[in-house]
Amino acid sequence: MTTTAPPADERTERRSDERVSDVGLLRRLLIRPELGAAIGVVVVFAFFAASSEVFRSPAGAANWLYPASTLGIMAIAVALLMIGGEFDLSAGVMTATVGLTVGLLSTELGWNLWAAMLGALVLALALGFVNGFLVVRTGLPSFIITLGMFLMLQGLNLGVTTAVTDTVLVDGIDDVPGYELANALLAGTVDIGGVQFRITILWWLVLTAVATWVLLRTRVGNWIFAVGGDARAARNVGVPAARTKIALFMTTAGAAWLVGTMSALRLTSVQANAGIGQELIFIVAAVIGGCLLTGGYGSAIGASLGALIFGMTSQGIVYLQWDANWFMFFLGAMLLLAVLANRLVRRYAEQSRK
Amino acid sequence: MPESEPLLEMIGIVKEFPGVRALDGVDLVVRPGEVHCLLGQNGAGKSTLIKVLSGAHQPDEGTISWQGEPVRLNSPTAAMRLGVATIYQELDLVDGLSVAENVFLGHEQTTAGFIHRSEMNRRTQELLHRLGHGEISPRTELGRLPAAHKQIVSMARALSHEAKLIIMDEPSAALAHDEVGNLFRIIRDLRAAGVAVVYISHRLAEIREIGDRVTVLKDGRTVAVGLAAKDTPTPQIVSLMVGRDLANTFPERPAPAPDAAAVLDVRGLSLPGVFADISFSVRAGEIVGLAGLVGSGRSEILETIYGARRASAGQVLIDGKPVRRGSTPAAVAAGMGLAPEERKSQALLLHDSVAENILLAAMDDFATFGWLDRRKAARAAAEQVAALDLRPHDPEREVRTLSGGNQQKAVLARWLVQRRRLLLLDEPTRGVDVGARTELYALIRRLAEQGLGVLLVSSEVPEVLGLSDRVLVVREGRLVHEAAATELDEAQVLDLVMAPTDGADSAEPAGRPAA
């Protein structure tokens, strides 16, 4: 019954290509989810770079790129999860759980650091699995499930740490065998033109690229958009929706493992109350980067740009010698502006297409 | 059509939901390369049957064979793997993905997990071209397409599966007239390629034009198998679909009281894009039925009268007094009560007791300065439970454990504990067993006899004809006919509710209005 001859085929192909270019480069850029965040990055950079010489120097950049990188790694994972239509409020405190586990296993039980890191990874993935499994099985909002996980982990972090060490701190991680190599790989610095850049920045860039690639070029990426956009429709056409969601929770937990380990290695100690409040910052970065709270829309690059805004702002305020209390105000304003800008632009783009 | 080995055989399919037996022994036999039409009134079990066939529901009893082999369709994926693709009325598409991504969602073309985007775009373009819509770009984000194009995408997806059987649930409902022609061309192409199509439609004319054989469902049972779609006389098909002894089911109409005052007056009511210039009245003690197809605007008219939608023009009057536009509280204060179509989600608190549900809107009447007189309220609820014979006779039962008919009684009881002037009923017997319907009909009639005005919307023509005193026919947002129920028969109403171009297959109606 094939009535389509190849020439006709080519003709339509060419015609459709013209249509795409008809749409216009500008409008195609405008409908990208990252747009608001990209503008934000330019504005924030211009503002601080104009006011502070240190900020625009390579050493200054190395300084603000570090917080951007660790936040960015988490924000990417959280963005994937949000595109898939779910939240994880336990992600922040889980970074501390990981750091404490690494510290306790190595300093208290005498494990090699690599073994301790592996143990912490297994734990993190298990926690992510539990989050995902409960959400998928019960159909309860992930907000509630992961809020429960968040509170439980917060209690565990403090409870176990004080029971074992009699303090609220695990330290001495740099004395454990295996520290040198692990630190060099995950938390050390790289000399570029006389400036020490944290290697976390490299991890961040690589993971942004990988996540973008997965989202836009793999079937898993398609599934993530589909389960977040319309889970029922996705299931009906054969997308393994439950597995996709569980995998996303485990990815977030895996990112928490990476960031928790990085931070434990760099500081060589972990506070039992670390990470609390961070979960909202991750979500803020993802939303600035264009993720919708309702799922099905967003980008990994956007989340990274959101994290970059965060990093620049947190250090820029220090360079300008402002009161650090203003930081949160600034971040909140950025969030509102980015969301409003995204909304306006998308509406404009949709209307002009009709 | 040559006799050939059946592609699909469903025998004795039974499916029960809490409170209702949706399928009660259904047979469906489909041969390769035929267009098999599934006919039946709303609630006959068509939707449930195709959900069983597409793997979304599991049957409680019965066997399914595919090319002679018994199979179990325990998931949508299992059905798809066999070669069954379903195009639902509510399309299973994801707005955020591109057209091509939607077409290949769940069976993406990949190497080691990586998508061949250009290949997918190319094949999607091919499929769209084959469907006569080469102008849709595979790269467009789906959410930006109009509804008719979304349906084309959904069809492209079915084709991309190399399906042997494609189920189409009222595919023409969302299409303009010329697009229906294109749809039929596609279906003929499919048939020529040996693909079987199960085609569901309310429009007899379409079935004449495109169908090979017809299976008719009624009340969850198969009443006719393998009728010739082209030559079976319309009265025979209609009587199979309806086939109910109306006299026994519906309560008798009391002698009309033409001097009764109008409870409801609707004057020039309009809602842009949905309906325009609707005027009619309902007298005290009268049941007025609103007949029309899904999408004709009949439910929207009801919702607008009730204030759930804001009319752009026109007036609604209760007992001669205008009711404020677009305000549900004003409508309730004026004396209206609504039993909505989506009973469970829009009317009932499923986890609360019958009594609480009944008293929901009337709490004020049982309260003095904010203090609720619980005993008095409970007594009022118990009276209603007894008066409506709401079973079990236990006001403390959770509503969700009741059957559909008894849930509907709880909704009605809610309005009866207060003094009402007008009841608006939207599909009052949807999901209600046949036996329980008779009781509901009697109840609705009794309410009218007590002096209430009743405005009834139903997709079931026999229900409208049997229960109402007067019938209004709505087509494409316009009131096209008004007559006493006794002056109309089912074929006439079916003909009136459909587009005028579809009238060729049925008898000339007595009083066809100029559209």
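The values are calculated or read from the model by the stated rules, or taken from the named source; none is laboratory data. Because the structure is predicted, anything quoted here is derived from the model rather than measured. In this analysis, Cβ positions are derived from the backbone assuming ideal geometry, glycine residues included, and neighbour counts consider all displayed protein chains.
Data table
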{"quantity": "B:S239 small (G, A, S) and without any contact (Cβ under 8 Å) to a residue 40 or more places away in the chain", "calculated": "yes"}
{"quantity": "Single residue of A:L100, A:L89 found to be over 13 Å from A:E279 (Cα atoms) and of a type in the set (A, V, I, L, M)", "calculated": "A:L100"}
{"quantity": "In region B:112-121, the residues that are facing chain A (nearest Cβ under 9 Å) and in contact with a Pro (Cβ under 8 Å, 6 or more places away or on another chain)", "calculated": "B:N121"}
{"quantity": "Check on A:L26, away from chain B (no Cβ under 14 Å) and at pLDDT below 70", "calculated": "yes"}
{"quantity": "B:S54 under 12 Å from B:L165 (Cβ atoms) and of a type in the set (S, T, N, Q)", "calculated": "yes"}
{"quantity": "All positions within region B:134-153 that are surrounded by 18 or more Cβ atoms within 10 Å (Cβ to Cβ) and more than 10 Å from every other protein chain (Cβ to nearest Cβ)", "calculated": "B:L145, B:H149, B:K150, B:Q151, B:I152, B:V153"}
{"quantity": "Extreme residue, farthest from A:G60 (Cα to Cα), among residues of region A:308-351 that are of a type in the set (G, A, S) and over 22 Å from the mean Cα position of the chain (by Cα)", "calculated": "A:A349"}
{"quantity": "Residue that is surrounded by the most Cβ atoms within 10 Å (Cβ to Cβ) [pool: residues in region A:79-116 that are outside any helix (DSSP H, G or I) and out of contact with any helix residue (DSSP H, G or I) (no Cβ under 7 Å at 6 or more places or on another chain)]", "calculated": "A:N112"}
{"quantity": "Set B:R203, B:R221: member being of a type in the set (D, E, K, R), within 24 Å of the chain's Cα centre (by Cα) and modelled with pLDDT of 80 or more", "calculated": "B:R221"}
{"quantity": "Evaluation of A:V168 against (1) in contact with a strand residue (DSSP E or B) (Cβ under 7 Å, 6 or more places away or on another chain); (2) among the hydrophobic types (A, V, I, L, M, F, W, C); (3) free of Cβ contacts under 8 Å to residues at least 24 places away in the same chain (one fails), failing number", "calculated": "(3)"}
{"quantity": "Odd one out for B:A378, checked against (1) out of contact with any Phe, Trp or Tyr (no Cβ under 8 Å at 6 or more places or on another chain); (2) closer than 30 Å to B:V497 by Cβ", "calculated": "(2)"}
{"quantity": "Residue within region B:162-169 that is of a type outside the set (D, E, K, R), in contact with a Gly (Cβ under 8 Å, 6 or more places away or on another chain) and over 14 Å from B:K46 (Cα atoms) present", "calculated": "yes"}
{"quantity": "Matching residues in region B:154-185 - criterion: being basic (K, R) and either more than 12 Å from every other protein chain (Cβ to nearest Cβ) or outside any helix (DSSP H, G or I) (or both)", "calculated": "B:K164"}
{"quantity": "Boolean, B:P6 is closer than 20 Å to B:I186 by Cβ and either part of a loop (DSSP other than H, G, I, E, B) or without any contact (Cβ under 8 Å) to a residue 24 or more places away in the chain (or both)", "calculated": "no"}
{"quantity": "Helices (runs of 4 or more DSSP H) completely within region B:283-363 that count 1 or more residues being over 25 Å from B:R475 (Cβ atoms)", "calculated": "B:328-334, B:354-359"}
{"quantity": "Residue that is farthest from B:A158 (Cα to Cα), among those in region B:191-230 that are within 14 Å of chain A (Cβ to nearest Cβ) and outside any strand (DSSP E or B)", "calculated": "B:A192"}
{"quantity": "A:N131 vs. criteria in contact (Cβ under 8 Å) with a residue 12 or more places away in the chain, out of contact with any helix residue (DSSP H, G or I) (no Cβ under 7 Å at 6 or more places or on another chain) and not β-branched (V, I, T)", "calculated": "no"}
{"quantity": "Unmet requirement for B:R188, which otherwise passes all of (1) more than 9 Å from chain A (Cβ to nearest Cβ); (2) modelled with pLDDT of 90 or more; (3) crowded, with 18+ Cβ neighbours inside 10 Å", "calculated": "(3)"}
{"quantity": "Matching residues, region A:128-147, being small (G, A, S) and exposed (fewer than 15 other Cβ atoms within 10 Å of the Cβ)", "calculated": "A:G139"}
{"quantity": "Residue in region A:305-314 that is more than 14 Å from chain B (Cβ to nearest Cβ) and at pLDDT below 80 present", "calculated": "no"}
{"quantity": "Set B:R470, B:R478, B:R512: member being modelled with pLDDT under 80, of a type in the set (D, E, K, R) and surrounded by fewer than 21 Cβ atoms within 10 Å (Cβ to Cβ)", "calculated": "B:R512"}
{"quantity": "Helices (runs of 4 or more DSSP H) wholly inside region A:171-256 containing at least 3 residues that are buried (at least 16 other Cβ atoms within 10 Å of the Cβ) and more than 14 Å from chain B (Cβ to nearest Cβ)", "calculated": "A:179-186, A:199-217"}
{"quantity": "Top-ranked residue of region B:79-111 - restricted to ones that are more than 8 Å from chain A (Cβ to nearest Cβ) and part of a helix (DSSP H, G or I), ranked as nearest to the chain's Cα centre (by Cα)", "calculated": "B:A79"}
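Residue-wise test of (1) surrounded by fewer than 22 Cβ atoms within 10 Å (Cβ to Cβ); (2) in contact with a strand residue (DSSP E or B) (Cβ under 8 Å, 6 or more places away or on another chain); (3) free of Cβ contacts under 8 Å to residues at least 60 places away in the same chain.
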residue: B:R31; (1), (2), (3): yes, yes, no
residue: B:L38; (1), (2), (3): no, yes, no
residue: B:L53; (1), (2), (3): no, yes, no
residue: B:D60; (1), (2), (3): yes, yes, yes
residue: B:L73; (1), (2), (3): no, yes, yes
residue: B:T77; (1), (2), (3): yes, no, yes
residue: B:T86; (1), (2), (3): no, yes, no
residue: B:V94; (1), (2), (3): no, no, yes
